[in-house]
Amino acid sequence: MTKALGSDIAAIARIDAVPSILEIACRITGLRFAAVARVTDTSWTACAVRDEIEFGLGVGGSLDLKTTICDEIRDSGQGVIIDHVAYDPVFRDHHTPRQYGFESYISIPILRKDGCSASITESGRRQL
């Protein structure tokens, strides 16, 4: 783990409200996985996680950036909201929902002055 990455994870951990924000986000959306992730041009790393689907990704865990929608969000600076992947004309054939098996997804970028970005990301199948 790089010093910059460790510093970012520690900074998120010092924000007492983050676990509550992730819990509330899961509760109001019906999704069961939420994370604050550090996204660079080469990596996606979890800085805070609420995992009710047993995805198995913890704090400090990483995903191959090219397998994430966050890679595209980092490039565009625009959030993504997918209510139902199967009915979404942009994402129904996208490799990421197929690889990770989610039906719904929300990711909002957090852009920093130094050019780094993070995102609050939720995914999963809605509980009805």
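Calculated from the alpha-carbon coordinates, the chain shows an Rg and a Dmax of 13.9, 42 Å respectively.
Ordering Gly60, Phe91, Thr42 by Cα displacement along the dipole of the chain toward the positive end leaves Gly60 in first place; charges were set at the Cβ atoms of Lys, Arg (+1) and Asp, Glu (-1).
Whenever you get a sec, compute what percent of the accessible area on region 12-65 sits on carbon and sulfur atoms (1.4 Å probe).
Details: 1440 of 2800 Å².
The nonpolar share, carbon plus sulfur, comes to 51 percent.
By accessible area of protein heavy atoms, probe 1.4 Å, what ranking do Lys113, Lys66 get, highest first? Could the numbers behind the result be given before it?
Values: Lys113 215, Lys66 125 Å².
Ranked list, largest accessible area first: Lys113, Lys66.
Please give the net charge around Ile82, taking every other residue with its beta carbon less than 10 angstrom from that of Ile82, where Lys and Arg add +1 and Asp and Glu add -1.
Details: positive: Arg92; negative: Asp83, Asp88, Glu103.
That sum, taken over residues with Cβ under 10 Å, equals -2.
Per residue, the solvent-accessible area of the chain (1.4 Å probe, heavy atoms of protein chains only, all protein chains present) comes to 57 Å².
Considering only alpha-carbon pairs that sit under 8 angstrom and 6 or more positions apart, the relative contact order computed for the chain is 26 percent.
Give, rounded to the nearest 20 debye, the magnitude of the charge dipole that the chain has about its Cα centre when Lys and Arg contribute +1 at Cβ and Asp and Glu contribute -1 at Cβ. Don't skip to the end; give the middle numbers.
Working: 14 positive and 17 negative charges, 43 e Å.
With Lys and Arg at +1 and Asp and Glu at -1, about 200 debye.
Leaving ligands and nucleic acids out of the surface, order Tyr87, Tyr105, Tyr100 by accessible area at 1.4 Å, largest first. Let's see the in-between values first.
On the way: Tyr87 180, Tyr105 10, Tyr100 65 Å².
In descending accessible area the options line up as Tyr87, Tyr100, Tyr105.
For GluC sites (Glu not before Pro), the sites in region 31-109 that DSSP calls loop and that have at most 10 other Cβ atoms within 10 Å are Glu54.
Roughly speaking, what is the stretch gain from Asp114 to Asp75, that is 0.36 nm per residue apart minus the C-alpha to C-alpha distance, in nm to one decimal?
Details: separation 39, 0.36 × 39 = 14.04 nm, distance 1.51 nm.
Answer, rounded to one decimal: 12.5 nm.
The values are calculated or read from the model by the stated rules, or taken from the named source; none is laboratory data. Predicted model only: the values in this text are computed from it and were never measured. Note that each Cβ is placed from the backbone with ideal geometry, even for glycine, and that neighbours are counted across all protein chains shown. All accessible areas refer to the heavy atoms of the entire protein, side chains included, with ligands and DNA or RNA removed. Shrake-Rupley method; radii C 1.70, N 1.55, O 1.52, S 1.80 Å.
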